[in-house]
Amino acid sequence: MPGYPDGNKPGGVRPVIAHSPGNKYRKLAPNLRAAAEQGHGTLLTFGGAYSNHLRATAAAGRLLGLATIGVVRGDELAARPLNPSLERCAADGMRLHFVSRADYRRRTEPAFHAELRAHFGDVYLVPEGGSNALAVEGCAALGRELRGRTDVAAVACGTGGTLAGLAAGLAPGQRALGIPVLKGGFLDGEVARLQRAAYGGRRGDWSLDDRFHCGGYARTTGELDAFAAAFSARHALPQLDRVYVAKLLYGLAALA
């Protein structure tokens with residue numbers, strides 16, 4: 001039986017925290033608990049070639065004794081050497097299943113999920129980025145921890161689950177700000193959908209500012225690079241992650 005994501009049980013939550021830090025842990029923990037309680041031995045989830053969510057899921061699966069499958073965007077990657085992110089996933093025991101970009105766009109469709117279950121058997125399916133109603137409830141704890149500590153809580157957003165939960169957990173008078181790292185302007189609807197799934201309707205005071213994605217996911221610009229280098233030098237920090245962290249700080253600096 002796989003270990004439950006509970007600090008009082010063997011193979012539980014404490015070792016998972018170290019390998020699935022921050023919002024990834026908060027999203028995964030309730031899903032891991034549900035998978036174990038339902039008797040699932042395998043997690044299946046989705047991500048791109050540099051997905052932090054895939055890495056966190058692979059690490060959690062290894063620590064809890066759950067098999068993991070990562071459905072990876074881009075079947076052309078199957079013939080190439082693994083990048084460091086996917087190499088880490090494989091080292092943690094994740095089975096990588098590369099699909100075409102057209103098939104990956106079907107990642108939320110029940111028919112595609114049925115095809116995957118027919119191929120891989122009985123799996124517990126976690127959405128891209130870990131964002132579902134359980135993840136929103138997990139991230140609401142972050143908002144509750146920040147009550148009375150800030151006026152505005154800002155997060156970089158990929159799939160919207162962290163913002164949906166964070167906003168729900170904050171106290172009245174506090175607000176949550178999301179900085180999308182993908183272009184497309186779709187996250188307003190997605191955050192609202194996730195809150196409906198978790199709570200039946202909108203919760204908290206939240207908004208998104210879509211001006212700082214710098215061209216899309218994992219894209220950068222000379223201006224962002226210059227900002228990140230200057231910020232790191234000024235505060236004696238390592239190089240900033242360009243996918244999420246640099247864009248969030250760049251957006252906050254511009255807004256301030």
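The values are calculated or read from the model by the stated rules, or taken from the named source; none is laboratory data. Quantities reported herein were computed from a predicted structural model and do not represent experimental measurements. Here the Cβ is made from the backbone with ideal geometry for all residues, glycine too, and neighbour counts use every protein chain on show. The accessibility values were calculated without ligands, DNA or RNA, using every heavy atom of the protein model including side chains. Shrake-Rupley method; radii C 1.70, N 1.55, O 1.52, S 1.80 Å.
Laid out as a table, the results:
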{"item": "Pairs, first more than 15 Å from CYS157 (Cα to Cα) in region 187-212, second in a strand (DSSP E or B) and open to solvent by less than 50 Å² (accessible area, probe 1.4 Å), C-beta under 8 Å, six or more apart", "result": "GLY204/ALA176; ASP205/ALA176"}
{"item": "Residue among GLY148, GLY143, GLY200, GLY184 that alone is of a type outside the set (A, V, I, L, M) and within 16 Å of TYR25 (Cβ to Cβ)", "result": "GLY143"}
{"item": "Positions within region 218-253 being touching a Lys or Arg at 6+ places or on another chain (Cβ under 8 Å) and either farther than 24 Å from SER85 by Cα or touching a residue at least 40 places away in the same chain (Cβ under 8 Å) (or both), in sequence order", "result": "ALA218, GLY251"}
{"item": "In region 4-33, residue modelled with the highest pLDDT [restricted to those that are outside any helix (DSSP H, G or I) and within 12 Å of the chain's Cα centre (by Cα)]", "result": "PRO21"}
{"item": "Qualifying residues in region 106-139 (those that are in contact with a strand residue (DSSP E or B) (Cβ under 8 Å, 6 or more places away or on another chain) and acidic (Asp, Glu)) - the one farthest from GLY158 (Cα to Cα)", "result": "ASP122"}
{"item": "Whichever residue in region 223-240 is of a type outside the set (A, V, I, L, M, F, W, C) and open to solvent by less than 60 Å² (accessible area, probe 1.4 Å) and, among such residues, is nearest to PRO180 (Cα to Cα)", "result": "ASP225"}
{"item": "Index of the failed condition, TYR25 passing every other in (1) under 16 Å from GLY129 (Cβ atoms); (2) open to solvent by 30 Å² or more (accessible area, probe 1.4 Å); (3) touching a Ser or Thr at 6+ places or on another chain (Cβ under 9 Å)", "result": "(3)"}
